[in-house]
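Working notes, beginning with the structure itself.
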Amino acid sequence: MEPIIAGSDCSRAAMQQIDLLSYNIQAGIYSRQYSDYLTNSWKHILPYRERIENLARIAVMLRSYDLIGLQEVDAGSLRSGYVDQIQFLAHRGGFPHWYRQVNRNLGLFAQHSNGLLSRLRPSLVTEHKLPGLPGRGAVVAEFPTSDGDQLAVCILHLALGRRARVLQFDYLHRLAHRYRYLIMMGDFNCGCRSKHFRELIAGSGLRGLDCNLKTYPSWRPRRNLDHVLASPALRILEAKVLDYPLSDHLPLAVRVALPNAVTLLRAGGVMEEPRPAA
């Protein structure tokens, strides 16, 4: 597994608030209408010049945030011109720490991944393979806090099918009870009308579900498929959808605060090797 790239942490050695962004970038494909799913289908298989240009524009927008959760990122295959898109965005966006979780490995043809970009170094990264058909996963990064605890940030991409999502919600419910400070973010592939999604939120105590934060489709957002949720001990200070239509989803930006007098700390020593969930 690919380790986090070492580098200089952001100038704020201790942070009480963190600016997060969740973004499904559709492997760098710019979509403008539903018909693009047909006319641009070849872009999911073959490289093309405009993909890098689109990723470069995305990287500029990412620079304003402390931690980014990415979905539908290619980790380096034929379709991306063998460019690791997570590493590319980390370098262009100025993020010293990054991580890839390859969930569907199609060899030379596609490397479907979740991605983490961070200005602070995690003390631990754990990969979770979600229930259902292979290809869906979550990655959890832990950051030390001044009260001796950890802030866990879970980046995920759930299944399209309802049956698989029900199993995944049950898994996430158990995961949520492991942490006092937890942020769960990503493409849930469902919105406020999902009974099982609401059961996850009620059972875990997670906050932040906002039916007005519509992210899909990017050219006429009608559905809130992307979410950033936080445990009760955290405060969500601001949440907004950015009008930045460079994918078929819009990015979701959220500012979260730790409890008063609690801060995120710069991780010391050597980060533990990334590991799969027990």
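The values are calculated or read from the model by the stated rules, or taken from the named source; none is laboratory data. Nothing here was measured: the structure is a model prediction, and the numbers come from that model. Cβ placement follows ideal geometry from the backbone for every residue including glycine, while neighbour counts extend to all protein chains displayed.
Please tell me if Ser80 is polar (S, T, N, Q) and either within 27 Å of Arg119 (Cα to Cα) or at pLDDT 95 or above (or both).
yes
Find the residue count for the range 175-185, including only residues that are assigned to a strand (DSSP E or B) and not hydrophobic (A, V, I, L, M, F, W, C). Lay out the reasoning, then the answer.
If we filter the range 175-185 for residues that are assigned to a strand (DSSP E or B), which is where we start, we get 181-185.
Now narrow it down to the ones that are not hydrophobic (A, V, I, L, M, F, W, C): 181.
Of the residues in that region, 1 qualify.
Out of the range 223-263, which residues are over 20 Å from Leu175 (Cβ atoms), buried (at least 18 other Cβ atoms within 10 Å of the Cβ) and touching a Lys or Arg at 6+ places or on another chain (Cβ under 7 Å)?
Asn224, Val241, Leu246, Ala253
Here is a yes/no grid of residues against (1) modelled with pLDDT of 85 or more; (2) assigned to a loop (DSSP other than H, G, I, E, B); (3) surrounded by fewer than 22 Cβ atoms within 10 Å (Cβ to Cβ):
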| position | (1), (2), (3) |
| --- | --- |
| Tyr23 | yes, no, no |
| Ser31 | yes, yes, yes |
| Trp42 | no, no, yes |
| Ile68 | yes, no, no |
| Gln87 | yes, no, yes |
| His91 | yes, no, yes |
| Arg100 | yes, no, no |
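Out of (1) closer than 23 Å to Gly135 by Cα; (2) free of Cβ contacts under 8 Å to residues at least 24 places away in the same chain, what's the single condition that is false for Asp187?
Going through (1) closer than 23 Å to Gly135 by Cα; (2) free of Cβ contacts under 8 Å to residues at least 24 places away in the same chain one by one, Asp187 breaks only (2).
If I filter the range 138-154 for residues that are touching a Ser or Thr at 6+ places or on another chain (Cβ under 8 Å), among the small types (Gly, Ala, Ser) and surrounded by fewer than 18 Cβ atoms within 10 Å (Cβ to Cβ), do I get at least one hit?
To start, the set of residues in the range 138-154 that are touching a Ser or Thr at 6+ places or on another chain (Cβ under 8 Å) comprises 139-146, 150-151.
In the following step, the residues that additionally are among the small types (Gly, Ala, Ser) were identified as 141, 146.
Filter once more, keeping what is surrounded by fewer than 18 Cβ atoms within 10 Å (Cβ to Cβ): 146.
Yes: the range 138-154 contains one or more residues that are touching a Ser or Thr at 6+ places or on another chain (Cβ under 8 Å), among the small types (Gly, Ala, Ser) and surrounded by fewer than 18 Cβ atoms within 10 Å (Cβ to Cβ).
Hey, among Leu133, Leu172, which residue is out of contact with any strand residue (DSSP E or B) (no Cβ under 6 Å at 6 or more places or on another chain) and part of a loop (DSSP other than H, G, I, E, B)?
None of the other options fit; the residue is Leu133.
Sort out which residues of the range 44-59 are in a helix (DSSP H, G or I) and either of a type in the set (Asp, Glu) or touching a Lys or Arg at 6+ places or on another chain (Cβ under 9 Å) (or both), and write them in order of number. Give the steps one after another, and end with the answer.
So in the range 44-59, the residues in a helix (DSSP H, G or I) come out as 44, 49-59.
Once the filter is applied, which keeps residues that are in a helix (DSSP H, G or I) and either of a type in the set (Asp, Glu) or touching a Lys or Arg at 6+ places or on another chain (Cβ under 9 Å) (or both), the range 44-59 yields His44, Glu50, Arg51, Glu53, Leu55, Ala56, Ile58, Ala59.
Exactly one condition in (1) buried (at least 19 other Cβ atoms within 10 Å of the Cβ); (2) on the phi > 0 side of the Ramachandran plot is false for Gly135; which is it?
(1)
From the list Leu258, Leu200, which one is in contact with a strand residue (DSSP E or B) (Cβ under 8 Å, 6 or more places away or on another chain) and within 20 Å of Ile155 (Cα to Cα)? If you could, list the steps in order and put the result at the bottom.
Working: Leu200 fails: in contact with a strand residue (DSSP E or B) (Cβ under 8 Å, 6 or more places away or on another chain).
Among Leu258, Leu200, only Leu258 is in contact with a strand residue (DSSP E or B) (Cβ under 8 Å, 6 or more places away or on another chain) and within 20 Å of Ile155 (Cα to Cα).
Test Ser231 against the criterion of being over 18 Å from the mean Cα position of the chain (by Cα), modelled with pLDDT of 95 or more and among the hydroxyl-bearing types (Ser, Thr, Tyr), and give yes or no.
no
Being surrounded by fewer than 22 Cβ atoms within 10 Å (Cβ to Cβ) and either modelled with pLDDT under 95 or outside any helix (DSSP H, G or I) (or both) narrows it down to one of Arg163, Arg220, so name that one. Break it down into steps so the answer makes sense when it comes.
On the way: Arg163 fails: either modelled with pLDDT under 95 or outside any helix (DSSP H, G or I) (or both).
Selected residue: Arg220, the only one of Arg163, Arg220 that is surrounded by fewer than 22 Cβ atoms within 10 Å (Cβ to Cβ) and either modelled with pLDDT under 95 or outside any helix (DSSP H, G or I) (or both).
Report yes if some residue within the range 110-128 is touching a helix residue (DSSP H, G or I) at 6+ places or on another chain (Cβ under 8 Å), at pLDDT 95 or above, assigned to a loop (DSSP other than H, G, I, E, B) and farther than 21 Å from Leu252 by Cα; otherwise report no.
So far as the range 110-128 goes, no, none of its residues is touching a helix residue (DSSP H, G or I) at 6+ places or on another chain (Cβ under 8 Å), at pLDDT 95 or above, assigned to a loop (DSSP other than H, G, I, E, B) and farther than 21 Å from Leu252 by Cα.
Out of the range 102-125, which residues are closer than 20 Å to Gln150 by Cβ and surrounded by fewer than 20 Cβ atoms within 10 Å (Cβ to Cβ)?
Let us first name the residues in the range 102-125 that are closer than 20 Å to Gln150 by Cβ, namely 114, 116-125.
Across the range 102-125, the qualifying residues are Ser123, Leu124.
Give the number of residues within the range 239-262 that are closer than 15 Å to Leu67 by Cβ and over 16 Å from the mean Cα position of the chain (by Cα).
So the answer is 2.
Against the conditions (1) under 18 Å from Ala75 (Cβ atoms); (2) more than 13 Å from the chain's Cα centre (by Cα), where does Ser113 fall short? Just the number, please.
Condition not satisfied by Ser113: (2).
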